[in-house]
1. Around Leu76, with a cut-off of 12 angstrom between Cβ atoms, what is the net charge of the other residues, counting Lys and Arg +1 and Asp and Glu -1?
2. Ordering Asp30, Asp342 by how much accessible area each has at a 1.4 Å probe, largest first, what is the list?
3. In nm², what is the average projected area of the convex hull enclosing the Cα atoms of the stretch 178-227?
4. Show the residues, 5+ positions off or on another chain, whose built amide H is closer than 5 Å to the amide H of Thr882.
5. By the gyration tensor of its Cα atoms, with a ≥ b ≥ c the square roots of the eigenvalues, what is the shape of the stretch 301-439: rounded for a/c under 1.5, prolate for a/b over b/c, or oblate?
6. With each pseudo-label sitting 7 Å past Cα toward Cβ, what's the Gln106-Asn628 distance in nm, one decimal?
7. For the stretch 138-143, in order, what is each residue's ³J(HN,Hα) by Karplus, 6.51 cos²θ - 1.76 cosθ + 1.60 with θ = phi - 60°, in whole Hz (x at glycine and Pro)?
8. Leaving out ligands, DNA and RNA but keeping every protein chain, what accessible area does Glu127 have, in Å² rounded to the nearest 10, with a 1.4 Å probe?
Amino acid sequence: MEKSCTLLVHFDKATPALANEIKESLEGNDVESKIEALKKAIMLLLNGETIPQLFITIIRYVLPSEDHTIQKLLLLYLELIEKTDSKGKVLPEMILICQNLRNNLQHPNEFIRGVTLRFLCRLNESEIVEPLLPSILSNLEHRHPFVRRNAVLAVMSVYRLPQGEQLLDSAPEIVEKFLTSEQDSSSKRNAFLMLFNCAQDRAVDYLFRNVDRIADWGEQLQMVVLELIRKVCRANKAEKGKYIKIIISLLNAQSTAVVYECATTLVSLSSAPTAIRAAANTYCQLLLSQSDNNVKLIVLDRLNELRISHREIMVDMVMDVLRALSTPNLDIRKKTIDIALDLITPRNVDEVVMMLKKEVVKTQNLEHEKNGEYRQMLVQAIHSCAIKFPEVASTVVHLLMDFLGDSNVASAIDVVVFVREIIETNPKLRVSIITRLLDTFYQIRAARVCSCALWIIGEYCLSLSEVENGIVTIKQCLGELPFFTVTEEGEVQDQGAKKVQQVNSTTVSSRRPAILADGTYATQSAALETAMSPPTFVQGSLSSTGNLRSLILSGDFFLGAVVACTLTKLVLRLEEVQPSKVEVNKASTQALLYMVSMLQLGESSVLPQPIDNDSRDRIVLCMRLLCNTGDEVRKIWLQSCRESFVKMLADKQHRETEELKAKAQISNAQPDDLIDFYHLKSRKGMSQLELEDEVQDDLKRATGEFTKDGDDANKLNRILQLTGFSDPVYAEAYVTVHHYDIVLDVTVINRTKETLQNLCLELATMGDLKLVERPQNYTLAPESSKQIKANIKVSSTETGVIFGNIVYETSSNVLERNVIVLNDIHIDIMDYISPASCADVAFRTMWAEFEWENKVAVNTVLQDEKEFLDHIIKSTNMKCLTPPSALEGECGFLAANLYAKSVFGEDALVNVSIEKQTDGKLGGYIRIRSKTQGIALSLGDKITLKQKGGT
């Protein structure tokens, strides 16, 4: 039988004490030595030693001591020793301690009385407690509250003993009487707790007799009241109404702990709009009043739960939730923004966007190390609002365009992507956006932001003035030609700056493997994703060293190719809107000159790395096009590119709509389920809150929210056989995985005709798993069974293995120990990861940062690329980030990105690249990347096991 443990103390196993040494110290006169010896004796008892020889020594030499510390340690010692024999009878020597306990209960010092009463709370032997009952009851009237509060707990523990009701049958009446006259808040709490556990009806009567004074009760007593309400309402749902009024009255309590518990209780018991609104208001107040970030995060979790279940009520609270943005912590801000974005409606979108705009302006004025990341969050939030409600775009787009030159590159990329989407979806804003973009283009410092901004200029400069301004702006940022000159001495000079200039950049090499949008690798110059230092302006001229010039001189020829394409588009459009052929030819010639200069720069020895082939071919294509323009090619450059972008936006919108539809699907009740008709019910004596609660319960019942589907097939899959059918002991385990805990419910069956003694389930783990409890010994009768539970803690996402033995002795041969080796239990990584979404940019950033990669070769009997991808997605429990439109068609090649997040917050990235070979089989690789080695290896093993197309 398992022993309950009431005491836990750290024990250093390196220096175990000897019983003889302890005995000598206890027999001495030195108080300090006795204290140390008692502590050592307690440590040994806690770790399974019995040391019976010390008992008489302690009775003789320690019991008479008047020292308070010794008396307290003595009680701990008495708490731990065995007080009964093998048959369950109290040992005769225990009578020796009864008189000492009675003396302590009548001791003049209140501390001795109090700790003795607390010790009695942990005694399970009624024979020891019975003679002490008069002394316990007399302590209920002691002058000191410390004694009284422990006396009440002692009365409760005695009453809850197996024979407690016979020993102290009048305990509820005594405690109720004590409760009415008691003034100390802790004593009242303990008394009410006793009634709550032992005489619930009396506790409820006392509660309703004093309902007007609940607000004045202490925090501890109010918490027990809430616990009582939860217990009563779960047992009797019909009486919820009168208790909900008490909870709402407690929402104004002084203690924040009580207020939080009130709100939580209210949400769990009622679905009435009034109650939910009161709870949401309480959470919002706690969010602002509490300074602890952990508390704020917990409160935000509760608000998020309300958002899911009661969105229509939470919509009105969105501005209160957003006030949490005043906290500098990024996690809190992110969670706040996520909740607010899901509560936006046409009625409140203007207020929300105004608030977000103010926060964006604050990030500009205040110097804070996390301002860049916070600004990025805000930009993404505003982007989301503008896509859902296009009418607000005009109020934010110009403000955000001030941040195109932001030193935080990720934030600047989000701004330019937002501008690109808005300029397509809001035709009325195109002219003002283009004008503003051309005015601020020279401030952009990041290559990727420049690339996107140049694409916008090339696609949306439509009128003559816009096209001309676009060409002029690009020329100014490129500076004067040539890009370099070689003097007679062989020195290289930048023609624009007229001096030798070293371009400062935070990226050393532009040629490195980069991850493209489709998940494939490329070696290109587009890897300049970090911000470069501002260029040096010479003689105050803007064109002297423009941002494009600095980036191209640093070796970014991918950007050079983008510049060439943009100039080509602008010249082609100029041909359509400019009547003067001379001006068109002039612009075309200048564009060609810039392209030739970029090629010269790329093929010279000036830069450490020459131009890459892709960029060179792209620039040459642009030159050929300007020299020989055809109508078909013109249509491709001026129309098809935009059409592809429009199609991409439509596809994105369609995917988001489909996801929302999938989330909106709710479970319906069965056809024969009972539905109460609210209008036919009697309303007599019901308050408005009770009526609302009844209506909401009926609605929940009708829509199936009360029904929980248990997946019986899934439960059966979790039962694992641990031993063979022919083994003398049969064992099987039901494995329950819940985030950080694994519970093994092991059924052990004795299949022999003998009694098995000292049967022990010995388990060990491999991986980041840790056993919580020490194994216990059991006795198993012939052909009987036993349920054994084992708890295991998990600390990271990786496949763990649990293995072990069952060890036992038979009644016929006690000396021989039998061992049965158990089958291994493999803890599946799939229990810890769930599908998640992230932006393409975030995926590529993580892909570049994560250091652990596992490369798995494709080896499958499946012959269809899409079917294989679906099989991998299902097997790995991940989400495909690549849109369905990108996977359509038959080309014999498929590349897709998959993403999932673990319960520990770890990211799992997978890139699938497969092609159909000439023999019809699929070939290629699946790459897994993560921050930790465990996920990469475990996911790789899972894919290797599952990819062949099996189950």
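The values are calculated or read from the model by the stated rules, or taken from the named source; none is laboratory data. Note that this is a predicted model, so its numbers are computed, not measured. Note: ideal-geometry Cβ built from the backbone for every residue, glycine included; neighbour counts use all protein chains shown. SASA here: full protein model, heavy atoms, side chains in, ligands and nucleic acids out. Shrake-Rupley method; radii C 1.70, N 1.55, O 1.52, S 1.80 Å.
1. Here the count lands on +3.
2. Asp30, Asp342
3. Result: a mean projected hull area of 3.0 nm².
4. Here Asn897 satisfy the definition.
5. Oblate, since a/c reaches 1.5 and b/c is not below a/b.
6. 12.0 nm
7. Once rounded to whole Hz, the list reads 5, 6, 5, 10, 5, 6.
8. 110 Å²
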